[in-house]
1. State, to one decimal in nm, how far the label point of K100 lies from the label point of V147, with both points 7 Å from Cα in the Cβ direction.
2. Could you give the length gained by full extension between H111 and K70, i.e. 0.36 nm per residue of separation minus their alpha carbon distance, to one decimal place?
3. Under 14 Å from the Cβ of P149, count the other residues' Cβ atoms, weight Lys and Arg +1, Asp and Glu -1, and hand me the total.
4. Assuming R0 = 25 Å, can you tell me the calculated FRET efficiency for the pair S124 and N81, based on Cβ-Cβ distance, to the nearest 0.05?
5. Would you please give the residues with an amide H less than 5 Å from that of H73, counting only those at least 5 places away or on a separate chain, with H modeled from the backbone geometry?
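What follows is calculated from the coordinates using simple rules that are stated; it is not laboratory data. Computed from a predicted model, the values in this text were never measured in an experiment. Methodologically, a virtual Cβ is constructed for each residue, glycine included, from the backbone with ideal geometry; neighbour enumeration extends over all protein chains shown.
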Amino acid sequence: MQLPLEAIRAPNQAVEDSISHGALRMVGESLSAMEAATKCPKGATFLSSTSGMDRPVETSIRAKLNQRLKPTHLEVVNESNMHAVPSGSESHFRVLVVSKHFEGMSLLQRHRLVNEILCDELASRVHALSIQAKTPQQWECNPVIEVSPPCMGGSKHDHSMAAKVGTQSK
């Protein structure tokens, strides 16, 4: 199922044009280091409801995609709450990346590139990653964010998932 971007953004008051610098202050890390890791490229949009301090995986995903792909639009959505994982988990993500780097690449090549960029996260904490990878022209013609289907409970029986989120499967 697909919804126009406005249909998703309108009810979500958590949409921000940039990440608050004050929310990024972390003990032992300089603000400038955090700004470099999470800086929003001109024209990019991020979804954020709280600071990156309590979302290290999401923050890492944002930083790596920004650094490597220089997106004109980036959305990283933690969909873990839709799945059979403990509250506060960072295990299921949907990313929408709009980048000139995708020009001339097939959809498979784009997905492989995003998977390569996020290989550390996929090998450790991230169980599922849904990717929308578009060129700026594709996004301009069709600014639609796909909506994930409801969870069917598959991760309840995936013992590697329990290890990733630090719990035992029931």
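1. 3.5
2. 13.2 nm
3. Once positives and negatives cancel, what remains is -1.
4. In this case the efficiency is close to 0.80.
5. Result for H73 returns V98.
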